[in-house]
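The values are calculated or read from the model by the stated rules, or taken from the named source; none is laboratory data. Nothing here was measured: the structure is a model prediction, and the numbers come from that model. Here the Cβ is made from the backbone with ideal geometry for all residues, glycine too, and neighbour counts use every protein chain on show. Heads up: the accessible areas ignore ligands, DNA and RNA and are worked out on the full protein's heavy atoms, side chains in. Shrake-Rupley method; radii C 1.70, N 1.55, O 1.52, S 1.80 Å.
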Amino acid sequence: MAATGSAVGLGNIWKFPYIVGENGGGAFVLLYLLCIAVVGLPVLMAETLLGKNGRSNPVDAMLKASRQSDVSRLWTGIGIMGALAGVMILSFYSVVGAWILNYIMQAAEGHFTGKSSVEMVAIFSQLRGGQSQQLLWHSVFLLFAVAIVAAGIIRGVGRAVSTMMPMLALLLLVLLGYSYIEGEFSQALRFVFAADFSKLSGTSVMMALGHAMFTLSVGMGAIMAYGAYMPEKASITKTSLIIVLFDTLISIVAALVVFSLVFANGLEPGQGPGLMFVSLPMAFGHMPGGVLFATLFFVLVGIAALSSAISLLEPSVAWLDKHTPVGRVGATCIIGLLAWLGGLACIYIDNVFDYLDFIASNIMLPLGALLIAIFVGWKLKRKVAKTQLGDLNYYQFNLWYAVLRVFTPMGILAIFIYGIWDALPW
Ligand code: TRP
C-alpha cells in the first residue's frame, strides 16, 4: 500500500490528464500503456527485488548486490544518485503541494464560484507570484511529510498510508459519480479512449516514457527503499502488478473526471499545466455543489501528493539514519530542511523549479532506470533475481528477464538521447 501511495500522486491527477490533453487523447494513452509494459513494470520489479534482496537503504542495497555478484562498487552510484534525485524532486513537488493546500482553502471558501477564465488565470498567477503564501504552504506540506516519515516505517509511513489510501479511493469514486452525473462523461470517454495517431509526435513518445517512470516512482530508489521492508513471503511480481494496475486505473479515472468537467463547461482539454489549477476550478465554480466537490477534489490531490512525498524522503533518511548518530527523527529533519531550502529556491529564484524538474525527471530518473535495468539484467547474478522472483515459472521469468535486458534499455536509451538532443538550444 505504501508503494501504491508513492506511485499515485500529482503525476496521476495533475500531470497525466494534462499531457493526455496536450497529446490528443487516446493514442497517447495507448503509447503510455506500452511504456508501462516495456519499461515501467520490468524496472519496478527489478528495483523492488534489489531492495528486498538488500534489506537496507538504496546505497547499502546496491553495495550488497554488487558484492554478491563480484562487480564494481561503482554501482552503488545508483543509490547515491537516487537519494539526491529524491531530495531534488521533493523540492519542487512540495511547491506544487503548497499550491494544492492553498487551493483546498480557496475552494472551501468559495473563491472559485462563478469565476471567468480571466479571473481564474489571475487567481493562479497571483498564487505563483505571491512568495509568502507559497512559502507558508510549502512549509506546512513539508512539515506533514517530515512528521510522517520521522515517526517510523510502521508507526509513521504504514499508518499514514493505511488511512490515506482508502480515503483517496473513496474520494475518487465520489468524484467519478459527480462527474458522471454533472459532467460530459461520454465526451470524456471518447477523448481518453479514441486513438488519433496523427496527434503523436516524437515529443509525445518521450513524454509517455518519462511519465511511465515518474508515475510508478521508479528510477531513484524510492521503491528500492520500500522493497527493503517487504515481508519475506510477499510476491514481488504480484505486488508490482497491483501497483501498476491501481496507478493506471487512478490516472485514467482522474483523466475522465477532469475532462468531463472541463468539457461540460466548453473548455479546452489541451492547455497544459494550468488544466488543474485554472480550468478545473473554473468548471467546478459553475456547477451545482461546486464548492463542496472542488474542496473534495483538492483534498484528494493533497492526499495523493503527501503519500508520494514521504517516499521521496525515505531513501536518504534511511541512509542517514544508518550511518550517522542523528537517529531517524534527526535524519528526517535534516533531509526535510534540504528539501525546504530547495523549495525556497524554486519559489524565490526564476527557473529553478523548471531546471530541477527537468534534471531530475528527464535526466536522473531515466538514467537511474537505465542503470537499474542494466545492473539487474546483466550484472547481478541471475540466481539472485531468480530467488527473489521465485513464484514465476520458467517462461514468465525469462519473458521478464529478456524484456529487462534488451527492450527496456533500448527504449530508455533511444528516448533519453532524443530528449537531450531536443532540449539543447539548437
Ligand atoms: N509517482 C509520484 C507521482 O506520480 C511521484 C513520485 C514519488 C516519484 N516518488 C517518486 C517519482 C520517486 C519518481 C521517483 O506523482
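Annotations
- Residue 46 vs. criteria of a type outside the set (Ser, Thr, Tyr), open to solvent by less than 20 Å² (accessible area, probe 1.4 Å) and within 30 Å of residue 398 (Cβ to Cβ): yes
- Out of 366, 315, one residue alone is at pLDDT below 95 and surrounded by 24 or more Cβ atoms within 10 Å (Cβ to Cβ). It is 366.
- Yes/no for residue 160 being surrounded by fewer than 16 Cβ atoms within 10 Å (Cβ to Cβ), among the small types (Gly, Ala, Ser) and modelled with pLDDT of 95 or more: no
- Flag for residue 95 being within 14 Å of the ligand (Cβ to nearest atom) and under 30 Å from residue 345 (Cβ atoms): yes
- Close pairs from the range 370-396: first at pLDDT 95 or above, partner surrounded by 20 or more Cβ atoms within 10 Å (Cβ to Cβ) and in a loop (DSSP other than H, G, I, E, B), Cβ under 8 Å, at least 6 apart: 372/218; 372/219
- Entirely in the range 340-426, the helices (runs of 4 or more DSSP H) that have 2 or more residues that are under 22 Å from residue 216 (Cβ atoms) and of a type outside the set (A, V, I, L, M, F, W, C): 365-374, 394-402, 408-423
- Residue in the range 41-59 that is of a type in the set (Val, Ile, Thr), on the phi < 0 side of the Ramachandran plot and more than 19 Å from the chain's Cα centre (by Cα) present: yes
- In the range 220-238, the residues that are open to solvent by 20 Å² or more (accessible area, probe 1.4 Å) and within 16 Å of the ligand (Cβ to nearest atom): 226, 229
- Residue match in the range 25-37 (condition: outside any helix (DSSP H, G or I), within 12 Å of the ligand (Cβ to nearest atom) and farther than 23 Å from residue 387 by Cα): no
- Helices (runs of 4 or more DSSP H) lying entirely in the range 131-231 (those with 2 or more residues that are more than 19 Å from the chain's Cα centre (by Cα) and more than 21 Å from residue 329 (Cβ to Cβ)): 131-150, 159-182, 185-193, 202-215
- Take the conditions (1) within 15 Å of residue 99 (Cα to Cα); (2) of a type outside the set (Lys, Arg); (3) surrounded by fewer than 21 Cβ atoms within 10 Å (Cβ to Cβ); residue 334 misses just one of them, which is (1).
- Some residue of the range 49-63 being charged (D, E, K, R) and in a loop (DSSP other than H, G, I, E, B): yes
- Among the residues of the range 180-219, those that are touching a helix residue (DSSP H, G or I) at 6+ places or on another chain (Cβ under 6 Å), within 13 Å of the ligand (Cβ to nearest atom) and open to solvent by less than 10 Å² (accessible area, probe 1.4 Å) comprise 212, 213, 215, 216, 218, 219.
- The lone criterion from (1) among the β-branched types (Val, Ile, Thr); (2) touching a Ser or Thr at 6+ places or on another chain (Cβ under 6 Å); (3) open to solvent by 80 Å² or more (accessible area, probe 1.4 Å) left unmet by residue 154 is number (2).
- The sole residue among 84, 90, 74 that is part of a helix (DSSP H, G or I), surrounded by fewer than 19 Cβ atoms within 10 Å (Cβ to Cβ) and within 14 Å of the ligand (Cβ to nearest atom) is 84.
- Selection status of residue 259, within 19 Å of residue 308 (Cα to Cα) and in a helix (DSSP H, G or I): no
- Lone qualifier among 385, 402 - being surrounded by fewer than 21 Cβ atoms within 10 Å (Cβ to Cβ), within 30 Å of residue 31 (Cα to Cα) and more than 15 Å from the ligand (Cβ to nearest atom): 402
- Neighbours by Cβ (under 9 Å, 6+ apart or cross-chain): first from the range 197-224, within 22 Å of residue 376 (Cα to Cα) and modelled with pLDDT under 90; second in a helix (DSSP H, G or I) and near the ligand (Cβ under 8 Å from one of its atoms): 210/361; 210/365
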